[in-house]
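This report refers to the structure that appears directly beneath it.
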Amino acid sequence: MRMIVSFAISFLVSYALGKVLIPRLVALKAGQTIKEIGPKWHMSKQGTPTMGGIMFIVGILAAVLLTGFADLRSGRLGALFVFLFSLVFGAIGFFDDYMKIRHHKNEGLTAAQKFLLQLAAAILFTVLLRYFGYLSADLYIPFVNLTLQIPWPVYMVFAAFVMVGTVNSVNLTDGVDGLATGVTMPVALFYVAVSAYWGHEELGVFAAALFGGLCAFLIYNFHPAKVFMGDTGSLFLGGAVCGLAFSLDIPLVLVLIGIIYIAETMSDIIQVTYFKLTHGKRIFRMAPLHHHLEMGGWSEEKLFLVFTVITVCACILAFWGVMDRFPTL
């Protein structure tokens, strides 16, 4: 019941805030600067308000505080930790968006600056989860229901790598109207399901709020988008996706539920590597993957539908793979 209430609060707050925030962003001329190296037809999106991720961030916060207040009072801080972790990444994205808007260029923080800030957040979050008992150094392997015992320092390196990688993969997926939103919605529902199944209701409250906020945001973000989430929203989403995986102690599940994020990132890595090795040749028409498919004639609506359906199927399979991780209630 609390998860349903959390969903409703997040949805309503996010939707209502959108009515106020979007005109305000337009008035502030907080428009997205479109990369010239991207698809030429994307130039028509120039000036669309960005930083819309603020909508669902505020909605999620309201839901976690109102619905999860009893958890916070009793010391169950999982949802708060995941939110704060995600918020740190959202703040990095906000500063990046602000720099782009201020200088009217699609360039904000440098790659090195982003990496160091994200790495620090990942290490701190891992230590907090371990200290409060949410995370073990045993790496759970889905489907075979086995765990590998590895040294804690090695696990921290692994966790930091996965967290930073996941966050930037989600950010890379946000290149077509509604795409990152649509792909992350079934991921949020997956976390609602496993949290309810194992009795981790405080984490389920956050996951349900995440789903509610994204449902509301999609109303404004579906093609043609009235607002973009910006790095503010996409980095926050990346933090939420990996934060929940580690809080539930099932980080390897990200390989399945994040199949689209991984495909997008790998296409970019393959393209850049092949381009450098062959001195200018390309495998994809354009990277990442969604641009390659766009150049092949896929509409933004088709990309949204196909990538979301793939993620739904992957999340169903993932639930089957991790359902024996903990005893059920």
Considering only helices (runs of 4 or more DSSP H) fully contained in region 236-305, which possess at least 2 residues that are over 27 Å from Asp324 (Cα atoms) and in contact (Cβ under 8 Å) with a residue 40 or more places away in the chain? 259-277, 289-295
Within region 298-317, does at least one residue satisfy the condition of being more than 29 Å from Ile54 (Cα to Cα) and modelled with pLDDT under 95? yes
If I ask for residues that are aliphatic (A, V, I, L, M), open to solvent by less than 60 Å² (accessible area, probe 1.4 Å) and in contact (Cβ under 8 Å) with a residue 24 or more places away in the chain, which ones from region 67-90 would you list? Leu77, Ala79, Val82
Condition first: part of a helix (DSSP H, G or I) and open to solvent by less than 10 Å² (accessible area, probe 1.4 Å). Now tell me which residues in region 224-235 satisfy that. Gly230, Thr232, Gly233, Ser234, Leu235
Go through region 92-151 and give me each residue that's without any contact (Cβ under 8 Å) to a residue 60 or more places away in the chain, of a type in the set (Phe, Trp, Tyr) and closer than 19 Å to Val82 by Cβ. Tyr131, Phe132
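The values are calculated or read from the model by the stated rules, or taken from the named source; none is laboratory data. The structure presented is a predicted model; accordingly, all values stated were derived computationally and were not measured. Note that we place each Cβ from the backbone using ideal geometry, even for glycine, and neighbour counts take in every protein chain shown. Just the protein is used for accessible areas: all its heavy atoms, side chains included, with ligands, DNA and RNA removed. Shrake-Rupley method; radii C 1.70, N 1.55, O 1.52, S 1.80 Å.
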